[in-house]
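Asker: Before anything else, here's the structure in question.
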């Protein structure tokens, strides 16, 4: 009797293990099937979007920030002239609040004026960023006299008065093509920003539309996130930032290469097109180094810079951008190209840019 019970118990245990293993195998198969199906759908949307966009003209431009050129030790006006000289005809320019209104109610538009004059003389086009959060660290560029840690109603009217002055000054420029409202507005993990309220973004959007109904409005989203913007406001187009190789200061303490293929961004743009009927551009494509540990580029050796960006990586990223299907790409780091040529006496990156914009 005891032997029989032991045999039955062993048989029962084997049966339980078999059933458990079968269930695990079945769950793995189902999970794999679901993942493959989702990837296939994503890829299909991407290919639809890429094919759908092929007939549209392809625009390539640069973000240009005079203060960043100065920080690299090159003259901002010479830098913009050099970019125009290699064929750049599309610029994303900034209107930092702290630069233009250092004292309440006193505006100094001299910095933006010469940029617009150069663009107009060259028949170039401008995306003008407006609002509190604009490209480059610390992201939010409020003047010292505006305390954005206080309740919104104490400083939002001041910001909107400033935005009104900027828009009224440049909305009649023949160079102005569109506005970018804020920059990666809801990205909380990067930059020194205090307010992320949707109500402010909606108010700013309505203000820009009221002041200038002629020009389109772009709203920028953050880098690499799966999903798409929902809710108000609904702009005329979205902009996305794409960074390929960065220094991971949080976990690995080493360079991180984002693994997403170009069609992934085509999927994001395609989903947005299907959902809202609006297009997306690459508002920021990494085209400069990302030094380790937050070190400034000017304090980073050329050998270290090359670990995250060099001429070959630049060529690859140009092709990567084209592979997304999006028909607008604005490169991030044009000031660096000129710095590398003039200060570091290495024109390899500059020659890639020249070939690209002369193409």
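Asker: Can you name every residue in region 34-77 that is within 24 Å of residue 135 (Cβ to Cβ), in contact with a helix residue (DSSP H, G or I) (Cβ under 8 Å, 6 or more places away or on another chain) and surrounded by fewer than 19 Cβ atoms within 10 Å (Cβ to Cβ)?
Answerer: 58, 67, 70, 71, 73, 75, 77
Asker: Looking at region 213-287, what strands (runs of 3 or more DSSP E) fall wholly within it and have at least 3 residues that are under 20 Å from residue 90 (Cβ atoms)?
Answerer: 216-220, 237-242, 279-286
Asker: Mind listing whichever residues of region 91-122 are over 30 Å from residue 193 (Cα atoms) and touching a residue at least 40 places away in the same chain (Cβ under 8 Å)?
Answerer: Going through region 91-122, the residues over 30 Å from residue 193 (Cα atoms) turn out to be 117-122.
Of everything in region 91-122, those that are over 30 Å from residue 193 (Cα atoms) and touching a residue at least 40 places away in the same chain (Cβ under 8 Å) turn out to be 118, 119, 120.
Asker: Which residues, taken from region 117-135, are in contact with a helix residue (DSSP H, G or I) (Cβ under 6 Å, 6 or more places away or on another chain) and over 22 Å from residue 160 (Cβ atoms)?
Answerer: 118, 122
Asker: Working only within region 322-358, note down all residues that are under 21 Å from the mean Cα position of the chain (by Cα) and either assigned to a loop (DSSP other than H, G, I, E, B) or more than 23 Å from residue 80 (Cα to Cα) (or both).
Answerer: 322, 323, 324, 325, 326, 327, 333, listed by residue number.
Asker: Which of the residues that make up region 246-263 are surrounded by fewer than 18 Cβ atoms within 10 Å (Cβ to Cβ) and closer than 23 Å to residue 43 by Cα?
Answerer: Within region 246-263, 257, 258, 259, 260, 261 meet the criteria.
Asker: Just to be sure before I move on: is residue 172 surrounded by fewer than 18 Cβ atoms within 10 Å (Cβ to Cβ) and free of Cβ contacts under 8 Å to residues at least 12 places away in the same chain in the structure I sent?
Answerer: yes
Asker: Oh, and also: Can you confirm whether residue 88 is touching a residue at least 24 places away in the same chain (Cβ under 8 Å), touching a strand residue (DSSP E or B) at 6+ places or on another chain (Cβ under 8 Å) and under 30 Å from residue 285 (Cα atoms)?
Answerer: yes
Asker: Please work out if residue 295 is without any contact (Cβ under 8 Å) to a residue 12 or more places away in the chain and surrounded by fewer than 22 Cβ atoms within 10 Å (Cβ to Cβ). I'd like the intermediate steps shown before the answer.
Answerer: On the way: without any contact (Cβ under 8 Å) to a residue 12 or more places away in the chain: yes; surrounded by fewer than 22 Cβ atoms within 10 Å (Cβ to Cβ): yes.
It is true that residue 295 is without any contact (Cβ under 8 Å) to a residue 12 or more places away in the chain and surrounded by fewer than 22 Cβ atoms within 10 Å (Cβ to Cβ).
Only the coordinates and a few stated rules stand behind these numbers; no lab work does. Here the structure is a predicted model, which means the values were calculated and not measured. Cβ atoms come from the backbone with ideal geometry, glycine included; neighbour counts cover every protein chain shown.
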